[in-house]
Amino acid sequence: KLQLVYAHGVDTQNTRNAILYNAKHEIMYPNAGLAVLYNKEDHQQKFYKGHDGNSVSALAVTEDGRFGASGDSCLRPRVRVFDACTATEIVVMREFHRSGIV
């Protein structure tokens, strides 16, 4: 079984708000179908993987840095809300948009 250890690269051309910070001052950014949380002090990453293979097309974080939201680009895109410090999914908002979220 393969396990994701590190994600290289960030999509700044096709994603709004491509670089953000969470409450722990970790860097949040999209990488293909992932929302990556990068801790620059210990050089570790956490991943929100809820996009089912669809590319992340939008990323946002609350003002206090506790919650993140990501949208994808597909025929029936969804907005996903997750804990911005642990990458744990909180809720998926389904069937709201008709095309990719930007």
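Points to keep in mind about this one:
- Selection status of residue 63, acidic (Asp, Glu), free of Cβ contacts under 8 Å to residues at least 60 places away in the same chain and either open to solvent by 100 Å² or more (accessible area, probe 1.4 Å) or touching a Cys at 6+ places or on another chain (Cβ under 7 Å) (or both): yes
- Within segment 36-58, residues that are under 24 Å from residue 98 (Cβ atoms) have Cβ atoms under 7 Å from residues that are among the acidic types (Asp, Glu) and open to solvent by less than 20 Å² (accessible area, probe 1.4 Å) in these pairs: 51/72; 54/72; 55/72; 56/72; 57/72, counting only partners at least 6 apart in sequence or on another chain.
- Only one of the numbered conditions (1) loosely packed, with under 14 Cβ neighbours inside 10 Å; (2) at pLDDT 95 or above is not met by residue 46, and that is (1).
Conditions (1) open to solvent by 40 Å² or more (accessible area, probe 1.4 Å); (2) part of a loop (DSSP other than H, G, I, E, B), marked per residue:
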{"position": "51", "(1), (2)": "no, yes"}
{"position": "59", "(1), (2)": "no, no"}
{"position": "68", "(1), (2)": "no, no"}
{"position": "71", "(1), (2)": "no, no"}
{"position": "76", "(1), (2)": "yes, yes"}
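- Applying the set (1) surrounded by fewer than 17 Cβ atoms within 10 Å (Cβ to Cβ); (2) without any contact (Cβ under 8 Å) to a residue 40 or more places away in the chain to residue 16 leaves exactly one unmet item: (2).
- Residues in segment 78-102 that are of a type in the set (Phe, Trp, Tyr) and open to solvent by less than 20 Å² (accessible area, probe 1.4 Å): 82 only.
The values are calculated or read from the model by the stated rules, or taken from the named source; none is laboratory data. Quantities reported herein were computed from a predicted structural model and do not represent experimental measurements. Counting neighbours? That spans all protein chains shown, and the Cβs are built from the backbone with ideal geometry, glycine included. The accessibility values were calculated without ligands, DNA or RNA, using every heavy atom of the protein model including side chains. Shrake-Rupley method; radii C 1.70, N 1.55, O 1.52, S 1.80 Å.
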